[in-house]
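The values are calculated or read from the model by the stated rules, or taken from the named source; none is laboratory data. Remember, predicted model here, so these are calculated numbers, not experimental data. As a convention, Cβ positions derive from the backbone with ideal geometry for all residues, glycine included, and neighbour counts pool all protein chains shown. Just the protein is used for accessible areas: all its heavy atoms, side chains included, with ligands, DNA and RNA removed. Shrake-Rupley method; radii C 1.70, N 1.55, O 1.52, S 1.80 Å.
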Amino acid sequence: MINAISPFHLAIPVDDLEKARSFYNEILELKEGRSSDHWVDFNFFGHQLVIHFKSKSNSEGIHINPVDGKDVPVPHFGVILEWEVWQDLAKKLSEKKIEFVIEPYIRFKGEVGEQATMFFYDPCGNALEFKSFKDMTEIFRK
């Protein structure tokens with residue numbers, strides 16, 4: 001059973017604050033909260049996401065983990081949405097010509113843990129995954 005949870009706070013680095021701000025405002029349609037010259041708060045589906053300016057470093061990078069024959073970027077973050085909300089978001093992102101790392105698809109179709117997932121990057125290279133479970137009570141089911 002899913003219990004009510006406290007909102008999480010996540011701060012991520014971006015090397016172009018205005019480009020990232022535009023992406024989270026216009027592409028993901030997140031409501032902006034407080035901001036300064038170096039950071040911006042967003043309402044990330046009821047959670048607090050903060051983008052912080054940080055110059056790009058050559059030592060940082062995304063790693064790949066093979067899952068279901070697909071290259072999953074690690075690290076990544078996202079949120080689990082209701083099934084219909086996920087479907088609507090996938091459609092909007094496709095219409096906005098988002099370049100998916102992993103196109104929206106259904107894993108474990110017809111099985112326990114059936115879930116929808118999609119992966120893409122923000123303009124500063126942060127990997128995002130949005131997913132949904134057909135039955136939300138199966139999120140942590142083994």
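Residue check: is I64 among the β-branched types (V, I, T) and under 23 Å from F8 (Cβ atoms)? No: the conditions fail for I64. Residue check: is P123 closer than 24 Å to H9 by Cα, touching a residue at least 12 places away in the same chain (Cβ under 8 Å) and open to solvent by 60 Å² or more (accessible area, probe 1.4 Å)? So P123 fails the test. Scanning region 100-110 for residues being surrounded by fewer than 16 Cβ atoms within 10 Å (Cβ to Cβ) and farther than 20 Å from R21 by Cα gives a total of 7. State yes or no: is D41 open to solvent by 60 Å² or more (accessible area, probe 1.4 Å), within 27 Å of P7 (Cα to Cα) and at pLDDT 95 or above? No: the conditions fail for D41. Restricting attention to region 80-132, the residues that are of a type in the set (D, E, K, R) and in a strand (DSSP E or B) add up to 4.
Taking the criterion of being within 25 Å of F133 (Cβ to Cβ) and part of a strand (DSSP E or B), the residues of region 1-30 that qualify are H9, L10, I12.
Yes or no, residue by residue, for (1) in contact with a helix residue (DSSP H, G or I) (Cβ under 8 Å, 6 or more places away or on another chain); (2) on the phi < 0 side of the Ramachandran plot; (3) modelled with pLDDT under 95; (4) loosely packed, with under 15 Cβ neighbours inside 10 Å:
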{"residue": "V50", "(1), (2), (3), (4)": "no, yes, no, no"}
{"residue": "S57", "(1), (2), (3), (4)": "no, yes, yes, yes"}
{"residue": "G69", "(1), (2), (3), (4)": "no, no, yes, yes"}
{"residue": "P73", "(1), (2), (3), (4)": "no, yes, yes, no"}
{"residue": "V85", "(1), (2), (3), (4)": "no, yes, no, yes"}
{"residue": "S94", "(1), (2), (3), (4)": "no, yes, no, yes"}
{"residue": "I98", "(1), (2), (3), (4)": "yes, yes, no, no"}
{"residue": "V112", "(1), (2), (3), (4)": "yes, yes, yes, yes"}
{"residue": "F130", "(1), (2), (3), (4)": "yes, yes, no, no"}
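Within region 1-27, the residues that satisfy the criterion of being closer than 17 Å to F120 by Cα and touching a helix residue (DSSP H, G or I) at 6+ places or on another chain (Cβ under 8 Å) are V14, I27.
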